[in-house]
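Let me begin by presenting the structure, written as structure tokens, before commenting on it.
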Amino acid sequence: MVCTDFEVFEHTADVGLRLARATLAELFRDAAFAMFCIMAPGCELKSRLVKHIRVQADDLEELLVSWLSELNFLFQTELFAPAEVNLKIDNNDLFATVAGEIIDPLQHRIELEIKAITYHKILVANKNGLWRAQVIFDI
């Protein structure tokens, strides 16, 4: 899990994330990593378990919210966090293989709980050859 090259911003009682990447797949992958870096900064994770995830949506903004919501659900219910993500996006369908591990609260510091991924000011767009995203988390 790489925790670099993204911007965190505060929004009322929420926290937001902005990032830009060369490809749409990199954008979605790194948005997931950034979300977990916000929740559990400094975690060094291993690829002990593999999860296969598929999410579908009507547009890219909804796809990003659904993708991050699915990962947040796995974290909330199983304490599963990703170490590696391989994904493909095809016509608003996302197929991912996510390798990671169950977080041990005695070994990993969980700093922030994300209640929900919101649609407020959501953005996924290609501008000047770069894919950009903005998402706000309800904390």
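The values are calculated or read from the model by the stated rules, or taken from the named source; none is laboratory data. Quick caveat, the model's predicted, so the values are computed rather than measured. Counting neighbours? That spans all protein chains shown, and the Cβs are built from the backbone with ideal geometry, glycine included.
Residues of segment 17-55 that are closer than 29 Å to residue 106 by Cβ, in a strand (DSSP E or B) and touching a residue at least 60 places away in the same chain (Cβ under 8 Å): 17 alone. Assess whether residue 122 counts as being under 12 Å from the mean Cα position of the chain (by Cα) and over 17 Å from residue 45 (Cα atoms). No: the conditions fail for residue 122.
Of the residues making up segment 95-112, one or more are surrounded by fewer than 15 Cβ atoms within 10 Å (Cβ to Cβ) and touching a Phe, Trp or Tyr at 6+ places or on another chain (Cβ under 7 Å). Being at negative phi, assigned to a helix (DSSP H, G or I) and among the polar types (S, T, N, Q): is that true of residue 77 here? Judged against the criteria, residue 77 is a match.
Counting only residues that are polar (S, T, N, Q), assigned to a loop (DSSP other than H, G, I, E, B) and in contact (Cβ under 8 Å) with a residue 60 or more places away in the chain, segment 104-139 holds 1 of them. Condition check for residue 44 on (1) loosely packed, with under 12 Cβ neighbours inside 10 Å; (2) under 20 Å from residue 137 (Cα atoms); (3) modelled with pLDDT under 95: one failure, at (2). Condition test on residue 71, is it aliphatic (A, V, I, L, M) and in contact with a helix residue (DSSP H, G or I) (Cβ under 6 Å, 6 or more places away or on another chain)? Against the criterion (aliphatic (A, V, I, L, M) and in contact with a helix residue (DSSP H, G or I) (Cβ under 6 Å, 6 or more places away or on another chain)), residue 71 qualifies.
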